[in-house]
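Q: This is the structure I want to talk about, given as structure tokens.
The values are calculated or read from the model by the stated rules, or taken from the named source; none is laboratory data. Treat the numbers as computed from the prediction; the structure is a model and nothing was measured. Note that we place each Cβ from the backbone using ideal geometry, even for glycine, and neighbour counts take in every protein chain shown. Remember, those area values only see protein heavy atoms, side chains included, never the ligands or the DNA or RNA. Shrake-Rupley method; radii C 1.70, N 1.55, O 1.52, S 1.80 Å.
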Amino acid sequence: SNSFCTLLGVRGDRQTRMPAEEWTCADCEYENEAGAAECEACGQPRPEAAGGGDDGADKDDAYYNVVVGVVLEAAPVPNKDKLLALVVDVGNGATLPIVTNAGNVAVGSRVVVAKPGATVNDTVVKKANVGGAPSEGMLCDAPMLGWVGGGAGAAALVPESFAAGARPPESRPRMK
């Protein structure tokens with residue numbers, strides 16, 4: 001599409017699509033030029049646009065169908081004390097209803113979402129009803145992503161420099 005340019009990614013010869021716009025490094029907060037595949041200041045790879053499953057994305061990739069999402073709505077699930085029904089922007093104009101018990105999410109949070117078809121801890125994520133509400137994905141916590149730091153059960157959060165639909169970082173980013 002005209003909002004993306006194709007650049008060779010940092011993972012071998014597989015091509016990845018990255019937004020054709022300036023970007024801020026999540027690690028050191030340096031503002032990079034649109035064409036930079038890695039941070040010009042610290043060398044961290046640029047967050048990639050995520051594969052949606054039908055664009056030739058590599059299903060052997062640990063982050064297949066795992067993307068950054070932005071919480072647009074959050075409401076308690078009726079008669080379920082700890083559950084929240086979310087509406088999450090997962091990029092490319094798509095939103096997903098997701099039910100979670102993570103207590104650290106609110107409207108505006110940038111979270112890591114496993115979309116249907118993703119494999120997390122050897123389980124394939126599927127659409128389901130949770131607490132009587134539809135859930136078409138799940139929020140990942142740090143241990144699910146292999147990140148050091150961040151507890152189990154708390155949603156993995158990323159900085160504002162990660163756009164909805166972007167590939168999550170390989171390690172836990174520094175938050176402001």
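Q: Can you work out which of the residues in segment 156-176 that are open to solvent by less than 20 Å² (accessible area, probe 1.4 Å) and in contact with a helix residue (DSSP H, G or I) (Cβ under 9 Å, 6 or more places away or on another chain) is nearest to T100 (Cα to Cα)?
A: Per the stated criteria, the residue is A156.
Q: Of the residues V105, V148, V87, V112, only one is more than 16 Å from Y63 (Cβ to Cβ) and part of a strand (DSSP E or B); which?
A: Working: V105 fails: part of a strand (DSSP E or B); V148 fails: part of a strand (DSSP E or B); V112 fails: more than 16 Å from Y63 (Cβ to Cβ).
Among V105, V148, V87, V112, only V87 is more than 16 Å from Y63 (Cβ to Cβ) and part of a strand (DSSP E or B).
Q: Test A133 against the stated conditions and say whether it is over 16 Å from L157 (Cβ atoms), out of contact with any His (no Cβ under 6 Å at 6 or more places or on another chain), modelled with pLDDT under 95 and not polar (S, T, N, Q). Working first, answer last.
A: Numbers: over 16 Å from L157 (Cβ atoms): yes; out of contact with any His (no Cβ under 6 Å at 6 or more places or on another chain): yes; modelled with pLDDT under 95: yes; not polar (S, T, N, Q): yes.
Answer is yes for this residue.
Q: Still on this model: Identify all residues within segment 56-84 that are acidic (D, E), open to solvent by 40 Å² or more (accessible area, probe 1.4 Å) and either at pLDDT below 95 or part of a loop (DSSP other than H, G, I, E, B) (or both); write none if there are none. Don't jump to the end; show me each part of the working.
A: Let us first name the residues in segment 56-84 that are acidic (D, E), namely 58, 60-61, 73, 81.
With open to solvent by 40 Å² or more (accessible area, probe 1.4 Å) added as a condition, the list becomes 58, 60, 73, 81.
Matches in segment 56-84: D58, D60, D81.
Q: When segment 108-123 is examined, which residues are found to be in contact (Cβ under 8 Å) with a residue 24 or more places away in the chain and surrounded by fewer than 22 Cβ atoms within 10 Å (Cβ to Cβ)?
A: The answer is G108, S109, P116, G117, T119, V120.
Q: Identify the single condition in (1) modelled with pLDDT of 65 or more; (2) closer than 21 Å to L145 by Cα that T95 does not satisfy, given that it satisfies every other one.
A: Among (1) modelled with pLDDT of 65 or more; (2) closer than 21 Å to L145 by Cα, T95 violates only (2).
Q: Could you list all residues from segment 131-153 that are surrounded by 15 or more Cβ atoms within 10 Å (Cβ to Cβ), farther than 19 Å from R46 by Cβ and touching a residue at least 24 places away in the same chain (Cβ under 8 Å)?
A: G131, A133, S135, E136, G137, M138, L139, C140, D141, A142, M144
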